[in-house]
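Okay, structure first, notes after.
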Amino acid sequence: MQPIDWLYRSARINPDAIAIDAPGVELSYSELVTRVDALAVALQALDPAPQSRIGVCGHNTLEHLLSILAVMAAGKVWVPLNPLDPNSELKSKMALSRPGLIVTDRDCFFAIEDADTEVIFGACDSQEHDPAKTVAGLIKKHLGERPTRTSLDGTAIQALKFTGGSSGAPKGVLQPYRAWIAGARNMLTAHRFETRDRFLLAAPLTHGTSCYVTPMLAAGGTVVLLGGRAKPDSVLDAFARRNVTATFLPPTLIYMLMSALDDAREDFGSLRLLIYGAAPMPPERVREAQSVFGPIIGVNYGLTEAPQIITALTPEQADGERLASAGRAGVSNRVEIMSLDGKILSPGESGEVVVSGDLVMSGYLDLPRQTAEALKNGWLHTGDLGHLDERGFLYITDRIKDLIISGGFNVYPGEVERVLAAHPAVSECVVFGVADEKWGEAVHAAITLRSGQSADVDDIISFAKKSLGSVKAPKRIHVLDDMPRSSVGKVQRRKVREFVTLRAAH
């Protein structure tokens, strides 16, 4: 079985159901398959080699989504390229992946124009380009044709996705068919997607949001596209007027939605599931989101090395102490806590989160040493610290590499961040260690403020000391207008630390 078979199955069962709802166009399942197959035929003609790599660069347009599905149907490897990434990082990803073709929307061409690779244009003015070089033109040329089916098993690679590069050069993660199928199975089981569901693709398709496309099409539901980059007003409008039932958002965008609403409360009656992921969300902010949107907040925990989802917390489970949990393991993988000497630990004991099963990557592209470090004896070592409770709920404490050793004591940034986030003036925060003659590392925090709030950093430090004590409480707090972020809005701890250290030096 190949991941694209989820789409073909739904098209046979209910060909007239709406598969894609994009601005100005709705595609039924039969229409979607016809277009995907035609584009897949074109890709095979332009680049006949099986399992060759095809880069796709764009925002969340219809052409972007069609291109991803066509890459799957053609038996090729998808290489996502985010136009918002720094130019140097994009060049590095293209040099490492060596795509045979790149599909790009016209307004994203600037991001890849230096690539020594044939380019096909997705969303563009068709009159500007040779039809043989556009998604629309290629679909029209091959309409009614079916791609050649390549015999590939579960070890074949479906996607070459890169880690963010926030802590160094990006690594290419080889995601096999089995991982995509396992991820879809985990999603369908945890979140019970159905034909009635309408899933809004708000966060970038080049990242975790893409993991929701296959399970949604497998369920026979509808994928909803905004038609542009996600902004609070457009997302809220989609919730209210396009009958969206589910979506996935990073915490940063959820905070922006709540801020945009202020004291107003709109009727989002269709919305039954708002999933957050990619970064932790303090329990206080989860409760705030529940008060705004209702008891519909869920959590997915996944990595590029084990794509959505390793664990999931459903809205029904998101209550009390479990608001801090990342949920239970998916049905297609196993999650345990491991000590440094490789021992599986008991519930309640803290150690590294490890994962096994079909969800796990095949390895890193051209990096055998890093692959061997991450994959040991059938386990993926995530680099996350945490523990499991007696009922299998996972609680993630921190990243191993982010541990601060201050005065001989271990300080986990996540623990400090959860306390700071409970202060009424704090909107977002990130905690890190700074070299210090007395402490070895001193605990510092950078914060942004809620709208209309002012900061008394001494008061915030005292607030933290009441819960954490003097050792773990920040020695210094830096108030920022905004945090350095990745192209998908995730706060980058390393860059925050570099920024405040540089600012302090001047």
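The values are calculated or read from the model by the stated rules, or taken from the named source; none is laboratory data. These figures come from a predicted structure and were not determined experimentally. Here the Cβ is made from the backbone with ideal geometry for all residues, glycine too, and neighbour counts use every protein chain on show.
Quick rundown of the values:
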read-out	value
Subset of region 428-467 (residues that are farther than 23 Å from residue 502 by Cα and outside any helix (DSSP H, G or I))	450, 451, 452, 453, 454
Test for residue 179: is it in contact with a Cys (Cβ under 9 Å, 6 or more places away or on another chain), of a type in the set (Gly, Ala, Ser) and crowded, with 21+ Cβ neighbours inside 10 Å	no
Qualifying positions in region 337-396 - of a type in the set (Ser, Thr, Tyr), in contact (Cβ under 8 Å) with a residue 24 or more places away in the chain and within 30 Å of residue 157 (Cβ to Cβ)	356, 362, 364, 382
All positions within region 365-391 that are acidic (Asp, Glu) and surrounded by fewer than 17 Cβ atoms within 10 Å (Cβ to Cβ)	366, 373, 389, 390
For residue 173: the one exception among (1) β-branched (Val, Ile, Thr); (2) assigned to a helix (DSSP H, G or I); (3) within 30 Å of residue 382 (Cβ to Cβ)	(2)
Options 220, 228; residue that is under 21 Å from residue 63 (Cα atoms) and touching a helix residue (DSSP H, G or I) at 6+ places or on another chain (Cβ under 6 Å)	220
Residue check, residue 69 buried (at least 23 other Cβ atoms within 10 Å of the Cβ) and closer than 20 Å to residue 136 by Cα	yes
Restricting region 93-117 to residues that are in contact with a strand residue (DSSP E or B) (Cβ under 8 Å, 6 or more places away or on another chain), more than 19 Å from residue 204 (Cα to Cα) and assigned to a loop (DSSP other than H, G, I, E, B), the residue that is modelled with the lowest pLDDT	115
Within region 293-312, tally of residues that are within 19 Å of residue 414 (Cα to Cα) and hydrophobic (A, V, I, L, M, F, W, C)	2
Cβ-Cβ under 7 Å pairs, at least 6 apart or on other chains, region 427-445 side closer than 18 Å to residue 415 by Cβ, far side assigned to a strand (DSSP E or B) and among the acidic types (Asp, Glu)	433/441; 434/441; 442/436
Selection status of residue 141, surrounded by fewer than 21 Cβ atoms within 10 Å (Cβ to Cβ) and closer than 17 Å to residue 74 by Cα	yes
Count of region 319-364 residues which are among the β-branched types (Val, Ile, Thr) and either at pLDDT below 95 or surrounded by fewer than 19 Cβ atoms within 10 Å (Cβ to Cβ) (or both)	2
Residue match in region 243-261 (condition: farther than 28 Å from residue 382 by Cβ, without any contact (Cβ under 8 Å) to a residue 12 or more places away in the chain and of a type outside the set (Val, Ile, Thr))	no
Long-range neighbours under 6 Å by Cβ, at least six apart or interchain, first residue basic (Lys, Arg) within region 460-472, second outside any helix (DSSP H, G or I) and surrounded by 11 or more Cβ atoms within 10 Å (Cβ to Cβ)	465/473; 472/411
Of all residues in region 420-446 being crowded, with 24+ Cβ neighbours inside 10 Å and among the β-branched types (Val, Ile, Thr), the one that is farthest from residue 479 (Cα to Cα)	443
Top-ranked residue in region 55-87 [being among the β-branched types (Val, Ile, Thr) and not in a helix (DSSP H, G or I); ranked as nearest to residue 8 (Cα to Cα)]	77
Members of region 271-309 found to be among the aromatic types (Phe, Trp, Tyr) and touching a residue at least 40 places away in the same chain (Cβ under 8 Å), listed by number	301
Residues located in region 168-225, provided they are touching a Phe, Trp or Tyr at 6+ places or on another chain (Cβ under 8 Å) and of a type in the set (D, E, K, R)	171
Tally of residues being touching a strand residue (DSSP E or B) at 6+ places or on another chain (Cβ under 7 Å) and part of a helix (DSSP H, G or I) across region 236-250	1
Number of the condition not met by residue 260 [criteria: (1) over 17 Å from the mean Cα position of the chain (by Cα); (2) assigned to a strand (DSSP E or B)]	(2)
Residue within region 14-30 that is outside the structural domain of residue 118 (by TED's automatic domain parsing), in contact with a Gly (Cβ under 9 Å, 6 or more places away or on another chain), among the polar types (S, T, N, Q) and over 15 Å from residue 159 (Cα atoms) present	yes
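For every residue, the table says whether it meets (1) touching a residue at least 40 places away in the same chain (Cβ under 8 Å); (2) outside any helix (DSSP H, G or I).
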residue: 7; (1), (2): yes, no
residue: 21; (1), (2): yes, yes
residue: 31; (1), (2): no, no
residue: 42; (1), (2): yes, no
